[in-house]
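The values are calculated or read from the model by the stated rules, or taken from the named source; none is laboratory data. Note that this is a predicted model, so its numbers are computed, not measured. Cβ coordinates were reconstructed from backbone atoms using ideal geometry, including for glycine residues, and neighbour counts include every protein chain displayed.
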Amino acid sequence: MSEAELVLRSTRVITPEGTRAAAVVVAAGKITAVLPYDASVESAARVEDLGDDVLLPGLVDTHVHVNDPGRTEWEGFWTATRAAAAGGITTLVDMPLNSLPPTTTVDNLRVKQRVAADKAHIDVGFWGGALPDNVKDLRPLHEAGVFGFKAFLSPSGVDEFPHLDQDRLAQSLAEIASFGGLLIVHAEDPHHLAAAPQHGGPKYADFLASRPRDAEDTAIAQLIAQAKRLDARVHVLHLSSSDAVPLIAAAKAEGVRVTAETCPHYLTLTAEEVPDGASEFKCCPPIRESANQDLLWQALADGTIDCVVTDHSPSTADLKTDDFATAWGGISGLQLSLAAVWTEARRRGHGLEDVVRWMSSRTAELVGLDRHKGAVEVGRDADFAVLAPDETFTVDPAALQHRNRVTAYAGKTLYGVVKSTWLRGERVVVNGEFTEPRGRLLTRTH
Ligand SMILES: [Zn+2]
């Protein structure tokens, strides 16, 4: 074993075996031992006692839109990774769209990697994009190290990222399956959306009616059918409709290789509380009714929904108009996701271990990073969040690190204060103070 450079002691360390008092030993950026709390580690250069603050694995957020380069005024790697670090996230995987160029060719991936390299305060990986006309680019992107491919089944909101119809979906999915890749899907059916009443305007009820549950349910059923036919691996992004939960559960029981995620806003905010005109709450699919939310929590608890990710997707404040039809759709959640989910989880009787499973271990598994990330365990990277789970704070937009300080959580009082965040054994943020960026760019073969 190399010389220990750091020992972190806490009376509450969240490990895969449960929460216990432990001393976590770090050398060369990796966890080399998890010892009893009061074990003496003679060679350690630094020892920190965190007392009763909880030491948990840094979160792995596999659904983030950074928009850099090209729409950097919406969000950039510098600001997004600082917001993430402040919220206890140590790895993010960037979505292929809303930046210019989108991550749909190897050349474009290289552009994104170059831009991110010296701005990343945490580790950053990339998804590729599956478009109607880039089937030939999918294998090269896979080999260049993207973690999988994102596709839309309905219009994405930006012209440069067109959606796939069922034939194109089949074509892309067959190609991705041929090299054992993963397709992640924005599943809303365009025909159901077109058939829904499109009133526009500031009323949230009208917006909700324009993105009905059956649009999600139909698209998910079609995706599952394609995955089954091709024996392909697919992942349902940002599940909002609880009506689709039985479809996913049945597919899993049948052995179809499908996983699903949901987001903090679907788990903690409800349609009933969205004020008219408040497009900081707009996202697609939409935040639905509280009865729907209860069923999402049930699906998370029973494992039908695998994980929780932010779908952080900001824009400049001027695009968040009071007309729900035309306002930019996307919720900025990076810095607040852990606290928001933990606040609601604890109210519903879940433990912090559950939150860690949903937001760190399972997301690391989803992208195949679970040898390095997602647990406080020997051999993994020494990426940690230190959390005071019983302390509260009230969300002040001015304290947010993401570029445009628009938030659906303004004024909410949340449990869980992130005291510090650590990347490979180095503290990257403590009490709102950041070090120079030391994040690395990750690839699938990392
Ligand atoms: Zn998204």
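One residue alone among G76, G87 is among the small types (G, A, S), surrounded by fewer than 23 Cβ atoms within 10 Å (Cβ to Cβ) and either modelled with pLDDT under 95 or in contact with a Ser or Thr (Cβ under 7 Å, 6 or more places away or on another chain) (or both), and that residue is G76. Of the residues G374, G368, the single one that is in a loop (DSSP other than H, G, I, E, B), within 17 Å of C307 (Cβ to Cβ) and either touching a Phe, Trp or Tyr at 6+ places or on another chain (Cβ under 8 Å) or among the β-branched types (V, I, T) (or both) is G368. Residue under question is G58, and the condition is that it be within 20 Å of V386 (Cα to Cα), surrounded by 17 or more Cβ atoms within 10 Å (Cβ to Cβ) and either within 16 Å of the ligand (Cβ to nearest atom) or modelled with pLDDT of 95 or more (or both); does it hold? The answer is yes for G58. From the list A221, A251, A227, the lone residue that is more than 16 Å from the ligand (Cβ to nearest atom), part of a helix (DSSP H, G or I) and surrounded by fewer than 19 Cβ atoms within 10 Å (Cβ to Cβ) is A221.
Among the criteria (1) within 16 Å of the ligand (Cβ to nearest atom); (2) under 27 Å from A23 (Cα atoms), the one L334 does not fulfil is (2).
Okay, residues lined up against (1) polar (S, T, N, Q); (2) buried (at least 22 other Cβ atoms within 10 Å of the Cβ); (3) closer than 23 Å to R71 by Cβ:
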residue: G145; (1), (2), (3): no, no, no
residue: F149; (1), (2), (3): no, yes, yes
residue: V158; (1), (2), (3): no, no, yes
residue: A170; (1), (2), (3): no, no, no
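Annotation for segment 355-374: no member residue is in contact with a strand residue (DSSP E or B) (Cβ under 6 Å, 6 or more places away or on another chain), at pLDDT below 95 and crowded, with 23+ Cβ neighbours inside 10 Å.
Report whether or not V245 is in a strand (DSSP E or B), buried (at least 21 other Cβ atoms within 10 Å of the Cβ), within 22 Å of the chain's Cα centre (by Cα) and modelled with pLDDT of 95 or more. It is false that V245 is in a strand (DSSP E or B), buried (at least 21 other Cβ atoms within 10 Å of the Cβ), within 22 Å of the chain's Cα centre (by Cα) and modelled with pLDDT of 95 or more.
Scanning segment 188-206 for residues that are charged (D, E, K, R) and either within 13 Å of C284 (Cβ to Cβ) or in contact with a Gly (Cβ under 6 Å, 6 or more places away or on another chain) (or both) returns E188, D189.
Cβ-Cβ under 7 Å, sequence separation 6+ or interchain: first residue in segment 53-68 and free of Cβ contacts under 8 Å to residues at least 60 places away in the same chain, partner in a strand (DSSP E or B) and within 16 Å of the ligand (Cβ to nearest atom). Which pairs? So the pair list comes out as V66/D94.
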